[in-house]
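The values are calculated or read from the model by the stated rules, or taken from the named source; none is laboratory data. From a predicted model like this one, the values you see are computed outputs, not experimental measurements. Counting neighbours? That spans all protein chains shown, and the Cβs are built from the backbone with ideal geometry, glycine included.
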Amino acid sequence: MTDQEIRTYAFLSIIISVMIWELIAPKRPLVQSKIKRWLNNISLVGLDTLLVKLLLPAGAFGVALWAEKQGLGLFNNLDMSMSAKIILSVIILDMIIYWQHRLFHVVPLFWRLHQVHHADRDIDVTSGLRFHPIEIFISMLIKFVAVIALGAPALAVVLFEVILNGMAMFNHGNIRLPKALDSVLRLLFVTPDVHRVHHSILKHETNSNYGFNLSIWDRIFGSYHAQPDLGHDKMTIGLEQYQGDTPTASIVWMLKLPFTEKGGIYSQPDIKRTEDTT
C-alpha cells in the first residue's frame with residue numbers, strides 16, 4: 001500500500017466516522033445550512049488537494065525520502081533506533097505545527113489567509129478541512145523545511161500526516177464527549193471541547209488553544225484556555241466582522257476573503273487569559 005493510499009483510507013474512515021458521530025451525539029445546534037457548508041468546505045479541500053498535487057507533487061513523504069538519500073537533517077546523522085527517530089519526529093513535527101499555527105495568528109499577512117478557517121460560523125468535521133489554498137501551500141513549504149531539517153523518516157512523515165489530519169477532523173467535530181472522558185483525554189490530546197474554544201468570537205479565546213494533536217504545547221507555552229467564558233452552549237463561533245448575513249459558507253467568498261479590504265482586519269492578540277488548567 002502506498003503512502004497516498006494509506007492517507008486516503010485513513011481520511012475517509014475518520015471523516016465518515018466523525019460525521020456519523022455528529023448525527024448521533026451533536027454538541028451544538030448549527031446556525032447555517034449543513035448541506036451548503038459541507039458542499040463548499042469539502043469543495044475547498046478538493047481545490048487545496050489539486051493545488052498541492054500540481055505544485056508540490058513529491059509531497060512531504062517524497063521530501064523525506066530525498067533528505068534520507070542525501071543524508072540531510074538531524075536524525076539522518078544520529079546513531080539511534082528507527083523507532084526512536086519516528087516517535088521523536090512525530091512529537092517535534094507536532095510542536096512545529098503548533099508554532100506555525102500561532103504564527104498565522106500573529107503575522108497580519110498570514111492572518112488574512114487563516115481568517116478563512118475562522119470565519120466559519122459553525123464548527124464541525126468539515127471546518128477541519130477549511131483552509132485557503134495559499135495557506136495550504138505555505139503550510140506545505142514549512143512542513144518540507146521541517147522534515148528536511150529533522151531528517152524525519154518517511155514512515156514518521158506518513159504517520160504524522162495521518163494523525164494530524166485525523167485529529168483535525170476529530171477535534172473540529174461537533175460531537176459530545178462525556179465530561180469525565182474529556183477531562184482525561186485533554187491532559188494529553190486536543191479534544192473537541194478544547195479546540196472549540198479556539199473558534200470563539202472572543203479574541204482572547206481565538207488566540208488560545210493552538211494545538212491540533214497534543215494539548216501539552218498550549219500548556220507549556222502559556223496559550224491554554226480550558227473552557228469558553230460563556231460555556232460551550234452559549235459561545236458564538238466565528239469572527240465578529242463576519243456574523244449576520246455574511247456569506248461565509250460560499251466557496252467564492254472564502255477564496256476572495258484574503259484579498260478584500262475587510263480581510264485585512266487584523267485581530268491583535270488579546271492577553272486576557274482565564275487561569276484555569278482543568
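Tabulated values for the structure
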read-out	value
Matching option when the condition is modelled with pLDDT of 95 or more, assigned to a loop (DSSP other than H, G, I, E, B) and touching a helix residue (DSSP H, G or I) at 6+ places or on another chain (Cβ under 6 Å), among Phe144, Phe131, Phe104	Phe131
Number of the exception - Trp66 against (1) out of contact with any helix residue (DSSP H, G or I) (no Cβ under 7 Å at 6 or more places or on another chain); (2) under 27 Å from Gly211 (Cβ atoms); (3) in a helix (DSSP H, G or I); (4) modelled with pLDDT of 95 or more	(2)
Positions within the stretch 1-54 being in a helix (DSSP H, G or I), in contact with a strand residue (DSSP E or B) (Cβ under 9 Å, 6 or more places away or on another chain) and β-branched (Val, Ile, Thr), in sequence order	Val18, Ile24
Residue check for Gly71: surrounded by 18 or more Cβ atoms within 10 Å (Cβ to Cβ) and small (Gly, Ala, Ser)	no
Scan of the stretch 16-60 for residues that are closer than 19 Å to Arg196 by Cβ, among the aliphatic types (A, V, I, L, M) and modelled with pLDDT of 95 or more, ordered by number	Val18, Met19, Leu23, Ile24, Ala25
Residue in the stretch 130-148 that is in contact with a Ser or Thr (Cβ under 9 Å, 6 or more places away or on another chain), surrounded by 22 or more Cβ atoms within 10 Å (Cβ to Cβ) and more than 19 Å from Leu257 (Cα to Cα) present	yes
Residue in the stretch 112-119 that is surrounded by 18 or more Cβ atoms within 10 Å (Cβ to Cβ), among the aliphatic types (A, V, I, L, M) and not in a helix (DSSP H, G or I) present	yes
